Amino acid sequence: MTILCIESSTSVCSAAICKDGEPIKQCISYEGSNHARLLPRYIEELLSFAREQGLSIEAVALSEGPGSYTGLRIGASTAKGLCYGLNIPLIPVPTLDVLCEAARKSLCSVSPKDGLCSVNEAVLIPMIDARRMEVYTKVEGETKAVVVENEESVLCQNSGLAAERSYYYFGDGAEKCSKIFTKPNWHFIPGIVPEAQYMGALVESRKSKVESRKMISGAELAYYEPFYLKEFIAAPSHVKGLN
């Protein structure tokens with residue numbers, strides 16, 4: 001399956017073409033909040049590339065959140081427009097899963113004190129910045145927004161802190177926690193961001209699961225909204241002349 005993937009949930013903006021789970025080409029920017037300007041340019045470049053390679057885009061995969069409200073809305077509106085125009089389905093992918101996939105790719109290049117580099121022996125804790133000391137995270141299947149106070153505050157209620165396990169935390173919300181997490185089995189992985197190139201593998205991996213890929217098409221597209229996790233509340237603009 002050839003998929004156009006869009007990731008706009010954080011300050012990093014990316015789009016990619018993946019075929020059968022493998023990335024073929026990716027466009028990415030780390031320069032900040034320019035998603036509205038960059039995404040159309042990236043998509044035009046990728047669609048042109050697909051035509052040159054004789055590839056037919058069969059679906060659009062969208063990193064659905066949680067994350068930046070503005071970034072998620074830009075990604076969702078762009079993806080919905082593409083799906084309407086190309087008459088193809090939309091496949092939402094949880095952003096925290098995209099972040100974990102990025103961490104898995106780099107986990108074995110990290111050299112923590114305990115020497116572990118097996119994903120099976122590690123608990124992956126993605127963190128997206130939700131301002132101040134709050135983060136969006138997902139631990140062992142539970143997605144939540146938490147105020148970080150210590151290691152225990154991040155874990156699920158049914159998952160106690162186990163000294164024999166290794167916990168790897170990463171993402172743009174993780175660095176601010178590094179001074180709080182002091183236990184020796186907690187490891188910060190720097191430089192991990194959600195990227196569109198990792199979304200194809202996540203879509204393909206769901207094929208064999210009982211819960212098949214969630215595809216949104218037709219009239220359902222009009223009602224699709226990103227996964228904000230916290231309720232979005234519009235605030236007055238602080239820009240002079242817009243109040």
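The values are calculated or read from the model by the stated rules, or taken from the named source; none is laboratory data. Just so it is clear, the model here is predicted, and its values are computed rather than measured. Counting neighbours? That spans all protein chains shown, and the Cβs are built from the backbone with ideal geometry, glycine included.
Kindly indicate which of Ser77, Ser56 is out of contact with any Pro (no Cβ under 6 Å at 6 or more places or on another chain), outside any loop (DSSP other than H, G, I, E, B), among the polar types (S, T, N, Q) and modelled with pLDDT of 95 or more.
On inspection, the qualifying residue turns out to be Ser77.
Could you list, in sequence order, the residues of region 18-48 that are part of a strand (DSSP E or B) and surrounded by fewer than 24 Cβ atoms within 10 Å (Cβ to Cβ)? Give the steps one after another, and end with the answer.
Taking region 18-48 and keeping what is part of a strand (DSSP E or B), we get 18-19, 22-29.
Selection gives Lys19, Glu22, Pro23, Ile24, Lys25, Gln26, Cys27, Ile28, Ser29.
Confirm whether Arg131 is surrounded by 18 or more Cβ atoms within 10 Å (Cβ to Cβ) and modelled with pLDDT under 90.
Taking the combined requirement at face value, the residue does not satisfy it.
Within region 120-164, track down each residue that is among the charged types (D, E, K, R) and on the phi < 0 side of the Ramachandran plot.
Within region 120-164, Glu121, Asp129, Glu134, Lys138, Glu142, Lys144, Glu149, Glu151, Glu152, Glu164 meet the criteria.
For every residue, the table says whether it meets (1) surrounded by fewer than 13 Cβ atoms within 10 Å (Cβ to Cβ); (2) touching a strand residue (DSSP E or B) at 6+ places or on another chain (Cβ under 8 Å); (3) outside the structural domain of Val123 (by TED's automatic domain parsing).
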| site | (1), (2), (3) |
| --- | --- |
| Tyr136 | no, yes, no |
| Val147 | yes, yes, no |
| Glu151 | no, yes, no |
| Ala163 | yes, no, no |
| Tyr168 | no, yes, no |
| Gly171 | no, yes, no |
| Ile180 | no, no, no |
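Here are some conditions: (1) within 19 Å of Val193 (Cα to Cα); (2) out of contact with any helix residue (DSSP H, G or I) (no Cβ under 7 Å at 6 or more places or on another chain). Gly71 meets all but one. Which one does it not meet?
For Gly71, the exception is condition (2).
Could you check, for region 170-187, whether at least one of its residues is modelled with pLDDT of 95 or more and assigned to a strand (DSSP E or B)?
yes
Given the options Ser63, Ser9, Ser56, name the one that is loosely packed, with under 15 Cβ neighbours inside 10 Å and within 22 Å of Tyr84 (Cβ to Cβ).
On inspection, the qualifying residue turns out to be Ser56.
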